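Working notes, structure below.
The values are calculated or read from the model by the stated rules, or taken from the named source; none is laboratory data. A quick note: this is a predicted structure, and the numbers were derived from the prediction, not measured. No Cβ is skipped: glycine too gets one built from the backbone with ideal geometry, and neighbour counts run over all protein chains shown. The accessibility values were calculated without ligands, DNA or RNA, using every heavy atom of the protein model including side chains. Shrake-Rupley method; radii C 1.70, N 1.55, O 1.52, S 1.80 Å.
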Amino acid sequence: MKIDILTLFPGMFEGFLSESIIKRAISKGKVEINIIDFREYSDLNNKQVDDTPYGGGGGMVLRCEPIFKAIESIKTENSKVILMTPDGVPYKQEEAVKLSKFEHLIILCGHYEGFDERIRSLADYEISIGDYILTGGELASMVICDSIVRLIDGVITDTSLNSESFNDNLLDYPVYTKPQVFRGMEVPEVLISGNHAKIKEWQEEQRIERTKKRRPDLLK
Ligand code: ADE
């Protein structure tokens, strides 16, 4: 898979690309991630990418031209364009699963007060990562990128993927490691019973109980 991220702040991605699972996925050739500064595509002498809004009001608005040019220069028939915006569709694990199947994603990070409304015509998906306003789409793009890359075949083990929260709309079951008793808190008896069928049954019960208690909205 190839992911191109269009941003005005490429430096924000340095840590993201150079640590942990994302770094490994890149070095194993499972994903290619390019950070593209769309300021380069501005045809103005000062490389300006924003301008004042029609109708007045505060702040600056991202201009169409550099963004249309950038996307048109990298898009192919196998590309999907994603716009990060707080008024997009709320992001869920099922979207991550869907997006992880595409060959080429282009993720556009908005910034400042907003972007010219006509930029939306470029997007196949408009995504919000939650009901709060970030200073720009960069952190949001890293969130979705991370959730997508870990789902690509061979990036992490299948067993990790099979048992995790949001599969079947349920949260994950609790896990424990050594020691068996820590400050008076004990590991549930069943987990040291060695009875695998019983353990599985307990884990499934726990998933349902947890979801009922913490996220009843998922059960609807
Ligand atoms: N840009 C600013 N806030 C955002 C959010 N919550 N989700 C996606 N993109 C954003």
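The residues in region 173-198 that are farther than 26 Å from ARG215 by Cα and of a type in the set (Val, Ile, Thr) can be counted, and the count is 2.
For LEU44, the conditions (1) open to solvent by 30 Å² or more (accessible area, probe 1.4 Å); (2) not in a loop (DSSP other than H, G, I, E, B) are fulfilled apart from (2).
Is at least one residue of region 110-131 open to solvent by 60 Å² or more (accessible area, probe 1.4 Å), assigned to a loop (DSSP other than H, G, I, E, B) and touching a Gly at 6+ places or on another chain (Cβ under 8 Å)? Scanning region 110-131 turns up at least one residue that is open to solvent by 60 Å² or more (accessible area, probe 1.4 Å), assigned to a loop (DSSP other than H, G, I, E, B) and touching a Gly at 6+ places or on another chain (Cβ under 8 Å).
When region 75-123 is filtered for residues that are within 10 Å of the ligand (Cβ to nearest atom) and among the polar types (S, T, N, Q), only THR85 remains. The set of residues from region 181-215 being among the hydrophobic types (A, V, I, L, M, F, W, C) and part of a helix (DSSP H, G or I) comprises VAL190, LEU191, ILE192, ALA197, ILE199, TRP202, ILE208. Of all residues in region 159-184, those that are in contact (Cβ under 8 Å) with a residue 40 or more places away in the chain have Cβ atoms under 7 Å from Cβ atoms of residues that are small (Gly, Ala, Ser), 6 or more apart or on another chain, in LEU171/SER165. Considering ILE22, ILE36, the condition of being in a helix (DSSP H, G or I) and touching an Asp or Glu at 6+ places or on another chain (Cβ under 7 Å) is satisfied by ILE22 alone. Identify, please: which residue in region 137-156 is charged (D, E, K, R) and away from the ligand (no atom under 11 Å from the Cβ) and is, among those, farthest from the chain's Cα centre (by Cα)? Selected residue: ASP153. Of the set (1) under 33 Å from the mean Cα position of the chain (by Cα); (2) surrounded by 12 or more Cβ atoms within 10 Å (Cβ to Cβ); (3) at pLDDT 95 or above, all apply to PRO188 but (1).
If you go through region 83-109 and keep only what is surrounded by fewer than 19 Cβ atoms within 10 Å (Cβ to Cβ) and either touching a helix residue (DSSP H, G or I) at 6+ places or on another chain (Cβ under 6 Å) or part of a loop (DSSP other than H, G, I, E, B) (or both), you end up with LYS92, SER100, LYS101, PHE102, GLU103. The condition (being within 24 Å of the chain's Cα centre (by Cα), outside any helix (DSSP H, G or I) and either over 25 Å from ALA96 (Cα atoms) or not β-branched (Val, Ile, Thr) (or both)) is satisfied by just one residue among LEU218, LEU134: LEU134.
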